[in-house]
Amino acid sequence: MKIYLIRHGETTGDVEDRYGGDYDDELTEKGVSGAKKLAELLSGKGIKTIYTSPKKRATATAKVISEKIGVTLRIVDNLRERNNYGVLSGLTKKEAIEKFPFDVRELETGVNHKVKLSERFSNFKERVLGAFKTVANDSEDDILIVAHAGPLRRITEEHLKKKITKIEECAMIIMEQKSEGYELIDSKGVEFS
């Protein structure tokens, strides 16, 4: 069984330099174009089901692919990005430093920061890995997961023992389930350490 992991396309939040995470932004024209290119690449690969985060940017990417390859699309709430930014979510970086300077500085302390209203890293990791396990066990057929950089990092660190150092919009990671775990088959738009 192959599992295709896809990061959503470019978003309005990326272009506007906003704190993302739980912010529910849309794809840009470039993001839609990237999703269409992915759909072409994935056509004919034998994917039977697409699982996606409920965030607009992920579902829009998944929908473009789903329409091209003609498969069922299922929304999985726990594949959503971490609410990493709490009170900063959706603010431009300039607005954030003016309104919440303490929380902006708090981000610099690492993944276990205490930004107001943010999701704890341990809860995020547990949520995403639980969702991945459920989805991976849901089928014996090849599947596709459309999510965000954070969830893809957690999945690859846990199951491929590889750390993502760079991940582009519309990046793709292909892994195969083996009896002893997972193996990296190919990737596009991703750098590992």
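Things worth noting here:
- Considering residues of the stretch 118-139 that are of a type in the set (A, V, I, L, M, F, W, C) and more than 14 Å from Ser53 (Cα to Cα) only, the residue modelled with the highest pLDDT: Phe121
- Top-ranked residue in the stretch 4-41 [being in contact (Cβ under 8 Å) with a residue 40 or more places away in the chain, assigned to a strand (DSSP E or B) and within 14 Å of the chain's Cα centre (by Cα); ranked as nearest to Gln177 (Cα to Cα)]: Tyr4
- Looking across the stretch 95-125, the residues that are out of contact with any helix residue (DSSP H, G or I) (no Cβ under 7 Å at 6 or more places or on another chain), without any contact (Cβ under 8 Å) to a residue 24 or more places away in the chain and not in a loop (DSSP other than H, G, I, E, B) come down to Glu95, Glu98, Lys99, Pro101, Phe102, Arg105, Glu106, Leu107, Ser122, Asn123.
- Filter pass, Phe132 being of a type in the set (A, V, I, L, M, F, W, C), closer than 30 Å to Gly44 by Cβ and either in contact with a strand residue (DSSP E or B) (Cβ under 6 Å, 6 or more places away or on another chain) or surrounded by 18 or more Cβ atoms within 10 Å (Cβ to Cβ) (or both): yes
- Among residues that are acidic (Asp, Glu) and either touching an Asp or Glu at 6+ places or on another chain (Cβ under 9 Å) or in a loop (DSSP other than H, G, I, E, B) (or both), Glu81 is included.
- For the stretch 42-56, the criterion of a residue being aliphatic (A, V, I, L, M), in a helix (DSSP H, G or I) and closer than 19 Å to Lys188 by Cβ is satisfied by at least one position.
- Residues (in a loop (DSSP other than H, G, I, E, B) and small (Gly, Ala, Ser)) located in the stretch 133-157: Ser139
The values are calculated or read from the model by the stated rules, or taken from the named source; none is laboratory data. Keep in mind that what you see is a predicted model, and the values were worked out from it rather than measured. A quick note on method: Cβ atoms are made from the backbone with ideal geometry, for glycine too, and the neighbour counts reach across all protein chains shown.
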